[in-house]
Amino acid sequence: MKEQKKGWKELPFGLALDAATCLEFPTGDWRSERPIWDPEKCTHCMICWVYCPDSAIIVKDGKVQGIDYKYCKGCGICAEECPPKVKAITMVREEK
Amino acid sequence: MIVARTGNEAMAEAMRQINPDVVAAYPITPATEVVQLFSKFVHDGQVDTQFVPAESEHSAISACVGASSTGARVMTSTASQGIALMHEILFIASGLRLPIVICLVNRALSSPINIHCDHSDSLASRDSGWIQIFTENTQEAYDTTIIAVKVAEAASLPAMVTTDGFIISHGMERVELVDDEAVPKFLGERKIQHSLLDVDNPKTFGALDLQDYFFEHKRSEIDAMDHVLPIIEKVQDEYGKLSGRHYPLVDEYRMDDAEVAILCMGSTGGTGKVAVERLREQGKKVGLVRCRVYRPFPKEAMVAALAKAKVVGVLDRSDTMSTLGGHLYNDARSILYDSDMRPHLKNYVYGLGGRDISIEDIESIYKELFAIQKTGKVDKDIVYFGVRGE
């Protein structure tokens, strides 16, 4: 079914949209490569969390819990920035 | 209180009484004094305004946009190249529906470089979605600055109030001021839907808007402009009750039995009215129509005014560079197309770069208009009045 878009009279005033509308866009489906996080190797240095441009590193109580695949675009920055001696994140091809 | 003020002083005085939350500005001749005088009010603690001296007009109006998005009452002043440099941001202010008010002192746009009056600067911003009101004298400049703030906020659209550079801006006249405490009371608080600084209800301002919604947003802006004229009439009526000075959308002078008339904007209205009086003393049935509110264009009131005369000389202190004459002439022709009562129109482009137009000049134009009335023919529809070599 075709999406029903609003007419001009129904639009909110003055081009002000609700904030954080990006939450409604699961950008994870853009991914061609998937980061795999290894909890055994991770030292919880938080470098991946700092660098992730999509806030897709899940952290709880100062510890990395995993990766939020709903928003992770698979850019690979986390794997690149994970220290060479740790290498807790590896990129693998996304299977269909 | 009755005082002697130049146009710039009167506008600065109005700004002092309005006491805007933010004024961001960059000086330019002949508008410099408006914010220069206002900055003194800031320095002396006569206003509570946050004054932002910007590094350019582009930055000044950008700061105005940011400040207005928070819900602040925001004003600035500029002229000529200054409004030209603001140009891209003017559309952003109107698109975001921010009621910023600019005190604009009309000055010719370069090139050739010039500092004197014509209307090319404000008219180049004609299509930017701003309300534009042209004033005839210092009193009207003062009154309209106050009126414009209330109109802009009620319409959620930005507004520019213009004076003719040097002619009004530096001409000292008698001005009657409203009491200081009456102005904030007249204006009330600005009501807003969203504020950029409301962190409890965060909003995104000015997001990317593509094929699916851009047109709808523009349509709503056009609709907002469509509702401006009744707002202006209401605010002018309220201001009339406060001040005793009542302003119309279209200023008609001795039009009731006028056979020929001129249509003009700005200070030429004052010069023209003197010419009308002189000719009336000789028994000539002449009148004058002055376009006060230029954007949105008061179509109905203007058609009603122009239709009273058989011949109208349209005086434009600007040219559209389209080979079609001046701005006002094009608007007048456009609105009269559907009218049953169409007077003959002749366009007089005059006064570019501040060239003076005298009472005698306008009398000579009326003489030509009577000749057209007699023959029923407009010999030449667009003429450049007062230029050498024609």
Query raised in the report: Taking the alpha-carbon set of region B:233-291, what are its Rg and Dmax in Å?
Result: 13.1, 38
Report task. Return the sequence-ordered ³J(HN,Hα) values of region A:70-84 in whole Hz as given by the Karplus equation 6.51 cos²θ - 1.76 cosθ + 1.60 applied to θ = phi - 60°, using x for Gly and Pro. Result -> 5, 10, 4, 8, x, 6, x, 5, 4, 5, 5, 8, 4, x, x
Query raised in the report: Assuming R0 = 51 Å, what is the FRET efficiency of A:Lys70 and B:Arg219, from their Cβ-Cβ distance, to the nearest 0.05?
Result: 0.90
Query raised in the report: Shielding of B:195-206 by partners, i.e. mean partner chain Cβ atoms within 10 Å per residue?
Result: 3
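Among B:15-27, B:260-272, how do they line up from the highest to the lowest mean number of other beta-carbon atoms within 10 Å?
Details: B:15-27: 22.5, B:260-272: 27.1.
Result, highest mean first: B:260-272, B:15-27.
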Report summary line: Taking a ≥ b ≥ c as the square roots of the Cα gyration tensor eigenvalues, with a/c under 1.5 meaning rounded and otherwise prolate when a/b beats b/c or oblate if not, region B:250-385 comes out rounded
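Return a whole-number percent for the relative contact order of region B:306-367, with Cα pairs under 8 Å and 6 or more residues apart as the contact set.
The value is 41 percent.
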Query - Spacing of the two label points (7 Å from each Cα toward its C-beta) at B:Lys374 and B:His246, in nm - result: 3.9 nm
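Name the shape class, rounded, prolate or oblate, that the alpha-carbon gyration tensor gives for region B:150-290, where a ≥ b ≥ c are the square roots of its eigenvalues, rounded holds for a/c under 1.5, and otherwise prolate holds if a/b is larger than b/c and oblate otherwise.
Verdict is prolate for region B:150-290.
Please report the relative contact order for region B:250-385, taking Cα pairs under 8 Å with a sequence separation of at least 6, and give it as a percent rounded to a whole number. Provide the component values of the computation, followed by the final result.
Details: 244 pairs, mean separation 38.1, N = 136.
In percent, rounded to a whole number, it is 28.
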Query raised in the report: About its Cα centre, how strong a charge dipole does chain B have in debye, to the nearest 20, once Lys and Arg get +1 and Asp and Glu get -1 at the Cβ?
Result: 900 debye
Query raised in the report: Between B:Ser322, B:Gly82, B:Leu208, whose Cα lies farthest towards the positive end of the dipole of the protein assembly as shown when Lys and Arg beta carbons carry +1 and Asp and Glu beta carbons carry -1, centred on the Cα centre?
Result: B:Ser322
Report summary line: Given the candidates B:Ile382, B:Leu96, B:Ala304, the one whose Cα lies deepest towards the positive end of the charge dipole of the protein assembly as shown, counting +1 at each Lys or Arg C-beta and -1 at each Asp or Glu C-beta, is B:Ile382
Query raised in the report: Other chains' Cβ within 10 Å of B:93-101 residues: what's the mean?
Result: 1
Report task. Quick one: compute a quarter of the convex hull surface over the Cα atoms of region B:1-83 and quote it in nm². Result -> 5.4 nm²
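When only Cα pairs under 8 Å and 6 or more residues apart are kept, what is the percent relative contact order across chain B?
Values: 824 pairs, mean separation 60.7, N = 390.
About 16 percent, as a whole number.
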Requested in this report: Please report B:Ser59, B:Ser358 as a ranked list, fewest other C-beta atoms within 10 angstrom at the top and most at the bottom.
Outcome: B:Ser358, B:Ser59
Report task. Count neighbours as other Cβ atoms within 10 Å of each site's Cβ, and list the chymotrypsin sites (Phe, Trp or Tyr not before Pro) in region B:322-361 that are DSSP loop with at most 15 such neighbours. Result -> B:Tyr337
**Report entry** Sequence-distant residues sharing a close amide H with B:Ala24 (under 5 Å, placed H)
**Finding:** B:Val52, B:Met75
Requested in this report: Report the convex hull volume per residue for region B:269-315, counting only C-alpha atoms, in Å³.
Outcome: 76 Å³
Report task. Would you please put B:274-283, B:34-43 in order of how densely packed they are, using the mean number of other Cβ atoms within 10 angstrom per residue and starting with the highest? Result -> B:34-43, B:274-283
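Kindly work out what percent of the DSSP beta bridges joining two residues of the protein assembly as shown are antiparallel, to the nearest 5. Intermediate results must be reported in sequence, preceding the final value.
Details: 22 of 61 bridges.
Given both bridge residues lie in the protein assembly as shown, the antiparallel proportion sits at roughly 35 percent.
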Report summary line: With bins of 10 Å, the percent of all Cα-Cα pairs of the protein assembly as shown per bin from 0 is 4, 17, 24, 20, 13, 9, 7, 4, 2, 0, 0
Query - Among the listed pairs B:Lys273/B:Lys308; B:Lys191/B:Lys299; B:Lys299/B:Lys367; B:Lys241/B:Lys273; B:Lys299/B:Lys377; B:Lys273/B:Lys367, those beyond 20 Å (Cα-Cα) - result: B:Lys191/B:Lys299; B:Lys299/B:Lys367; B:Lys241/B:Lys273; B:Lys299/B:Lys377
Query raised in the report: So what is the 222 nm mean residue ellipticity for the protein assembly as shown from helices alone, if each DSSP H run of at least 4 adds -39500 (n - 2.57) and you divide by all residues, rounding to the nearest 500 deg cm²/dmol?
Result: -10500 deg cm²/dmol
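Using the Cα centre of the protein assembly as shown as the reference point, and only Cβ charges (+1 on K/R, -1 on D/E), how large is the resulting charge dipole? Debye, rounded to the nearest 20.
Numbers: 55 positive and 70 negative charges, 149 e Å.
The calculation lands at about 720 debye.
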Query - 10 Å-binned pair-distance histogram of region B:2-242 (Cα, whole percent) - result: 8, 34, 39, 16, 3, 0
Requested in this report: Could you tell me which of the pairs B:Lys150/B:Lys218; B:Lys346/B:Lys374; B:Lys285/B:Lys380; A:Lys41/A:Lys70 are separated by over 18 angstrom between their Cα atoms in the structure shown?
Outcome: B:Lys150/B:Lys218; B:Lys285/B:Lys380; A:Lys41/A:Lys70
Query raised in the report: region A:26-93: percent of C-alpha pairs farther apart than 14 Å?
Result: 51 percent
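Since every read-out is calculated from the coordinates, none of them should be taken as a lab result. Note that the structure is a prediction, hence the values are computed from the model and not measured. All Cβ positions, glycine included, derive from the backbone under ideal geometry; neighbour counts span all protein chains shown.
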